[in-house]
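The structure appears below as structure tokens.
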Amino acid sequence: MYTCAVRPEIAALSAYVPGMSIAEIQEKYGLAKVVKMASNENPLGVSPLVKEALGLHAGTAFRYPQGGNPRLVAALARTHGVSSDQVVVGNGSDEIIDMLIRMLLVPGKHSVVCFDPCFSIYPIQAQVCGVEVRRQPLNPDFSFDLDALFALVDDGTRLVFVTTPDNPSGYCPPLADVRRLAQRLGERFPHCLLVVDEAYMDFAGDSSEDEARFSLLASGDVPDNVAIMRTFSKSYGLAGLRLGYGILPAELAQYYWRA
């Protein structure tokens, strides 16, 4: 007889619970019409251009995609003005975050630092990988105490996560403060990577000029110890396609593709 014997970290894990789908809500409550506002999905739906592209290529769904998604990588590099060697794509940005944890942290030796609360994938994936998670509570007004966050970092910390704009508060830390955090980490802890999750950055302001006030990526000056996370799930309305991407230090990006 088989006895399930998962690792202690998995046994202690509280599962991520996604929001219910419209179909689930209709069935549970007997409703004919539901307006869903959870999960931060784009209420405008899919672009007509996306529908057209999906229709044109639906017939090739039996083929494996080209390894490394080079056309998408090249387009993202052009869009953001970075080298294609820095761009990685994944099954949502969740996969990239998971890969960074698995690539950079050794269980029982290294730690992850993040805020509390934060995007739950950071602590969940760290726990799955058996590494220590250190969390700094948000300020009462939901702003970030980046000095206190930095104080949790030591020589064994390999990843620090900062989400901007934050979910669900929408708080954007001043760009100068995020840059200062990257500088302090680089000077004191050269093996630590600052992951700036900009999944909601498309909603920061009304124009590309506004975005550049809040985004390290849009500013055109990303420190070499920073990784930027972005996604097509939010403003682009492509949550169902599970497509995220990251801008990483070039050497780390090459290891990502190997892994």
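The values are calculated or read from the model by the stated rules, or taken from the named source; none is laboratory data. Predicted, not measured: the structure shown is a model, and the values here were computed from it. Quick reminder, even Gly has a Cβ in these numbers, built from the backbone with ideal geometry, and neighbours come from all protein chains shown. These accessible areas exclude ligands, DNA and RNA; they are computed on the full protein's heavy atoms, side chains included. Shrake-Rupley method; radii C 1.70, N 1.55, O 1.52, S 1.80 Å.
To the nearest 0.05, what FRET efficiency results for ASP224 and ALA12 with a Förster distance of 41 Å applied to their C-beta separation?
Numbers: r = 36 Å, r/R0 = 0.88.
Computed FRET efficiency for ASP224 and ALA12: 0.70.
If each of ALA77 and TYR64 carries a label point 7 Å out from its Cα toward its Cβ, how far apart are those two points in nm?
Reported label-point gap for ALA77 and TYR64 is 2.3 nm.
Rounded, prolate or oblate for segment 41-147? Axes are the square roots of the Cα gyration tensor eigenvalues, ordered a ≥ b ≥ c, and the cut-off for rounded is a/c under 1.5. Walk me through the numbers before you get to the answer.
Values: a/c = 2.24, a/b = 1.72, b/c = 1.30.
Prolate, since a/c reaches 1.5 and a/b exceeds b/c.
Could you run the Karplus curve 6.51 cos²θ - 1.76 cosθ + 1.60 with θ = phi - 60° over segment 33-49 and give me ³J(HN,Hα) per residue in whole Hz, x for Gly and Pro?
So the Karplus estimates, Gly and Pro as x, are 9, 10, 9, 8, 10, 7, 6, 6, 7, 6, x, 7, x, 8, 4, x, 5 Hz.
Determine the gain in length on full extension of the stretch SER84-ASP116; use 0.36 nm per residue of separation and subtract their C-alpha separation, reporting nm with one decimal. Walk me through the numbers on the way to the answer.
Details: separation 32, 0.36 × 32 = 11.52 nm, distance 3.35 nm.
So the chain would gain 8.2 nm between SER84 and ASP116.
What are the semi-axes of the equivalent ellipsoid of segment 71-222, taken as the square roots of 5 times the eigenvalues of the Cα gyration tensor, listed largest first and rounded to whole Å? The partial results should precede the final answer.
On the way: eigenvalues 112, 76, 45 Å².
Working through the eigenvalues yields semi-axes of 24, 20, 15 Å.
Sort the following peptides by mean Cβ neighbour count (other Cβ atoms within 10 Å, averaged over residues), highest first: 236-249, 133-146. Walk me through the intermediate numbers first.
Working: 236-249: 18.7, 133-146: 14.6.
Most protected by this proxy first, the peptides run 236-249, 133-146.
Can you give the Rg to Rh ratio of segment 1-52, both from alpha-carbon atoms, with Rh computed by the Kirkwood formula? Intermediate values should be presented prior to the final figure.
Numbers: Rg = 18.5 Å, Rh = 15.1 Å.
Taking Rh as the inverse mean 1/r over Cα pairs, Rg/Rh reads 1.22.
Using packing as a proxy for protection, rank 49-58, 160-169 so that the peptide with the highest average count of other Cβ atoms within 10 Å comes first.
Details: 49-58: 10.4, 160-169: 20.8.
Sorting 49-58, 160-169 by mean packing, highest first, produces 160-169, 49-58.
Rg and Dmax of segment 192-252, using alpha carbons, in Å: what are they?
12.2, 34
Given the DSSP H assignment, sum -39500 (n - 2.57) over each helix run of at least 4 residues in the chain and divide by its residue total; what's the result at 222 nm in deg cm²/dmol, nearest 500?
On the way: 11 runs with 94 residues, N = 259.
Result for the chain: -10000 deg cm²/dmol, rounded to the nearest 500.
Output ³J(HN,Hα) for segment 139-153: one whole-Hz value per residue in order, computed from phi by the Karplus curve 6.51 cos²θ - 1.76 cosθ + 1.60 with θ = phi - 60°, and x for Gly and Pro.
5, x, 8, 6, 7, 9, 9, 5, 5, 5, 4, 4, 5, 7, 7
Going Cα to Cα from LYS33, which lysines come in below 26 Å? Please leave out same-chain ones fewer than 8 positions away.
Filter leaves LYS51, LYS234.
Sort ILE124, ILE22 from largest to smallest accessible area, using a 1.4 Å probe on the heavy atoms of the protein chains.
Values: ILE124 30, ILE22 70 Å².
Descending accessible area places them as ILE22, ILE124.
In Å and from the alpha-carbon atoms only, list the Rg and Dmax of the chain.
Looking at the chain, its Cα Rg and Dmax stand at 19.4, 63 Å.
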